[in-house]
Amino acid sequence: MPGGSTVSSMAGTPASSGRLPTIGPVEDVLAAWAADPEISERIAHIESVAAHDAIFEDLDPPMAAPLAAALAERGIERLYRHQAQAIKRARAGIHTVVVAGTASGKSLGYQVPIAEAALANRRATSLLLFPTKALTQDQYRSLYGLRLAPLVPAVYDGDTDQETRAWVRRHANVVLTNPDMLHIGILPHHARWATFLARLEYVVIDEVHVLRGIFGSHVANVLRRLRRLAAHYGANPTFLASSATIGNPAELAGRLVGVPFEQVDQDTSPAGTKHYVLWNPEKDEAGEGRRSALAETTDVFVDLVRRGKHTIAFTRSRKGTELVYRWARERLGGDLGARIAPYRAGYLAEDRRRTEERLFSGELLGVTATNALELGIDVGGLDAAVLTTFPGTIASFRQQAGRAGRTLEESLAVLVAGEDALDQWFMRHPDRLFSRPSEAAVVNPVNPDVLGAHAGCAAYELPLGNEDVEYFGEELEELLPALVDRGELRPRGRRMYWGPRRAPAPGIDIRSAGGTPYSIVDQDGSVIGTVDEGRAFQQVHPGAVYLHQGDSYLVEELNLGGRVARVALGEVDFYTQPHRETDLWVRARRRHTRVGRFTVAHGIVEVSDRVTAYKKKSIRDGSVLGHETLDLPSRTFETQAFWVTVPDGLMDQAGVGHLDQPGTLHAAEHTAIAMLPLFAICDRWDVGGLSTPFHPDAGGPVWFIYDGYPGGAGISPIGFERSDEHLRATLAALRECDCSAGCPSCVQSPKCGNFNDPLDKAGAIRLLAAGLA
């Protein structure tokens, strides 16, 4: 295949004697599974995508000879068309986002323009932003490996010592960092970076598709602060972005930066044959539920590792990552058990780096991971990826599946379905998984909480003036009086100055909705992990079971003032499930429409959420072992929501009696939340819901779906705008599930704060059918 070594050689993957030889091709695995009756009945669908060749394109004018020679040493003698198109636009100063799959060489689309700028003018600077430190290190190795004297790349992040930081500011012309360090360590100290900012030609935003929701909303404001300071020093940089396949890449990049983008979205890189297996766990004896997706993932993972396949198993949660690792380690034992490892956020940096190195070198045969390894760092050649339940979006499904087969070798991706309504919908409609367009990623840069926080940061950096509406929008003017009243801004003449003595940026965590994360501390006083404020009461409440690197810890104390959860190591045979109580009030109805006979509205709501108790449930069979009450404070915040109001008479017409209304509405709410990721890049953990037979602000029966972050993350507006399709998809999911009274594949939710009670599937079907007729 022409150019077959191009992409795999870019990151300079060393040969490793540590790799076990792969035992037979992927097709042999599929044949063995097909021959086993117990396995074959689990396989709902196999989709095979044939290998394809690259499409090349030449640059005009060609790249400088030293750069061409450096790339040729890596085996890169021609560019794929999408790389060439991106480079041409960058040369012309056009803000560009490149959209292509894993291992497609997207990074060359910005590496070449940056190298060309340095070769033409050593004083020209570039700033590269990556969402993770691992990606930063990966791209640093790639740029440094070009060995071009005028190109001086350097990493500047939280792991960089003070002496090195000073050297970077003085000497580097290409700085690789992350949005967090830009927010806290660079922009507030811009005077030290004056020369660098004045010469800024390119800003790279890598893996732009992950900059969504509340994180993306924060980053959008950080990038606006960067543009503002660059303009202050006389620079007007060109922004270059890369993205996995999403539904709105140019729109997302434009919303993040605040300038229009062009997109290059034809992936012209070569690829080997890829086999996708949709794996549906067997039903239980009663035919109502299915075997745990985590248990089935463990089966598949263990089987592939024993066959010598280098495999990554993705799970949806930290707890899931730990459980699959622990179960697989026990079953593999000995040498094979020592050659697998878990990887997730919340581990200390040195632990993650050690796992990355072992995986890259081939020492590890398998890794269990959250989406922390979904992004495009080079982890070497993987044969297989196992996905524990649908990862929430088509974009994430393609990204995780793409981690296997990063060379032109044949590869395998196995999607192990959960009982979730969306998972089972794809098991019944596999064509939709492979033909459906990717969802839109959403951000909300004008979230009042987020924008207000960054307005303070901007004022600290340079006093705010009327002209700054260009960067932050007209919403900035609406927020200024409140910021002045709180003492955060101080007016002087026609400008707003930062009021307090302390810099604001260190107090703003751009990866969470607010507040400093909680530290998880073991009996020795060591910090073994962190959890953000929004999830702390659910995950590390007193009595909760917390999993870390395959070991169980019991939470002995949750110190709210110190933001510390103290845990003790202990073997337990149960897990914990919190019970929550939620209240909601409508503060403003912004829009409304009719969908059939329903009224759907969108607006601002206030949510009060409190964890009041938890259940202990057996790991073996899910039975309830105990119920404990908790005394924790409420969490109250304003956010965006959309809600569906049932008109007078429709309940009677649908045959839903008064006593059946709570279960009917609750079931409709759960399934609607489960189907929302079909339309917006989110998952059910990003949103919350509430249903009630009467709500004073709605005037009747209603269910609400709200963004789970203060100020909103941009999800609810999409739900409102796609409400007709969304409600019809909800009804289809309910009708097509073959259970009798409701199950996790339709109405039951793993995050329900009321333990999934009451739920009335039949009532929800009748209500939606009558309302949409």
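The values are calculated or read from the model by the stated rules, or taken from the named source; none is laboratory data. Owing to the predicted nature of the structure, the values given are computational and were not obtained by experimental measurement. FYI the Cβ positions are ideal-geometry reconstructions off the backbone, even for glycines, and counts take in every protein chain you see. These area figures cover heavy atoms from the full protein model, side chains too; ligands, DNA and RNA do not enter into them. Shrake-Rupley method; radii C 1.70, N 1.55, O 1.52, S 1.80 Å.
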Of all the helices (runs of 4 or more DSSP H) wholly in segment 21-105, which have at least 2 residues that are modelled with pLDDT of 95 or more, under 30 Å from VAL210 (Cβ atoms) and touching a strand residue (DSSP E or B) at 6+ places or on another chain (Cβ under 6 Å)? 81-91
How many of the residues making up segment 138-156 are without any contact (Cβ under 8 Å) to a residue 40 or more places away in the chain and either surrounded by fewer than 20 Cβ atoms within 10 Å (Cβ to Cβ) or part of a helix (DSSP H, G or I) (or both)? 6
Scanning segment 480-506 residue by residue, the ones that are within 23 Å of LEU182 (Cα to Cα) and either surrounded by fewer than 15 Cβ atoms within 10 Å (Cβ to Cβ) or of a type in the set (Lys, Arg) (or both) total 5
Wholly within segment 192-266, strands (runs of 3 or more DSSP E) carrying at least 3 residues that are within 27 Å of GLN83 (Cβ to Cβ) and polar (S, T, N, Q): 238-243
Just to be sure before I move on: is VAL168 among the β-branched types (Val, Ile, Thr), part of a helix (DSSP H, G or I), farther than 22 Å from ALA86 by Cα and at pLDDT 95 or above in the structure I sent? yes
Just one of (1) free of Cβ contacts under 8 Å to residues at least 60 places away in the same chain; (2) open to solvent by less than 10 Å² (accessible area, probe 1.4 Å); (3) more than 26 Å from the chain's Cα centre (by Cα) trips up ALA458, so point out which. (1)
Assess whether GLY711 counts as being out of contact with any Cys (no Cβ under 8 Å at 6 or more places or on another chain), buried (at least 17 other Cβ atoms within 10 Å of the Cβ) and without any contact (Cβ under 8 Å) to a residue 24 or more places away in the chain. no
Listed residues ALA565, ALA503; which is among the small types (Gly, Ala, Ser), in a strand (DSSP E or B) and at pLDDT 90 or above? ALA565
Which of the numbered conditions does MET181 fail, given that it passes all the others? Conditions: (1) closer than 26 Å to SER396 by Cβ; (2) open to solvent by 10 Å² or more (accessible area, probe 1.4 Å); (3) in a strand (DSSP E or B). (3)
Per-region count, segment 154-200, residues touching a helix residue (DSSP H, G or I) at 6+ places or on another chain (Cβ under 8 Å) and among the polar types (S, T, N, Q): 4
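Which of the residues spanning segment 526-570 are of a type in the set (D, E, K, R) and touching a residue at least 12 places away in the same chain (Cβ under 8 Å)?
Taking segment 526-570 and keeping what is of a type in the set (D, E, K, R), we get 532-533, 535, 551, 556-557, 563, 566.
Within segment 526-570, ASP532, GLU533, ASP551, GLU556, GLU557, ARG563, ARG566 qualify.
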Name the residues in segment 253-273 that are at pLDDT below 95 and either within 30 Å of ASN444 (Cα to Cα) or open to solvent by 20 Å² or more (accessible area, probe 1.4 Å) (or both), would you? ASP265, GLN266, ASP267, ALA271, THR273
Mind listing whichever residues of segment 551-587 are open to solvent by 80 Å² or more (accessible area, probe 1.4 Å) and in contact with an Asp or Glu (Cβ under 7 Å, 6 or more places away or on another chain)? ARG566, LEU569, TRP585, ARG587
Among (1) under 29 Å from ARG170 (Cβ atoms); (2) open to solvent by less than 30 Å² (accessible area, probe 1.4 Å); (3) aromatic (Phe, Trp, Tyr), which single condition is TYR233 missing? (2)
Criterion: over 17 Å from VAL595 (Cα atoms), open to solvent by 10 Å² or more (accessible area, probe 1.4 Å) and assigned to a helix (DSSP H, G or I) - qualifying residue of PRO633, PRO662, PRO677, PRO693: PRO662
With ALA90, ALA134, ALA84, ALA100 as the choices, which residue is open to solvent by less than 20 Å² (accessible area, probe 1.4 Å), in contact (Cβ under 8 Å) with a residue 60 or more places away in the chain, closer than 22 Å to PRO61 by Cα and not basic (Lys, Arg)? ALA90
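Yes/no per residue for (1) farther than 16 Å from ALA369 by Cβ; (2) in a helix (DSSP H, G or I):
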residue	(1), (2)
LEU278	yes, no
THR298	no, yes
LEU304	no, yes
ILE312	no, no
LEU323	no, yes
Given (1) more than 30 Å from HIS627 (Cβ to Cβ); (2) open to solvent by 10 Å² or more (accessible area, probe 1.4 Å), number of the condition LEU759 does not satisfy: (1)
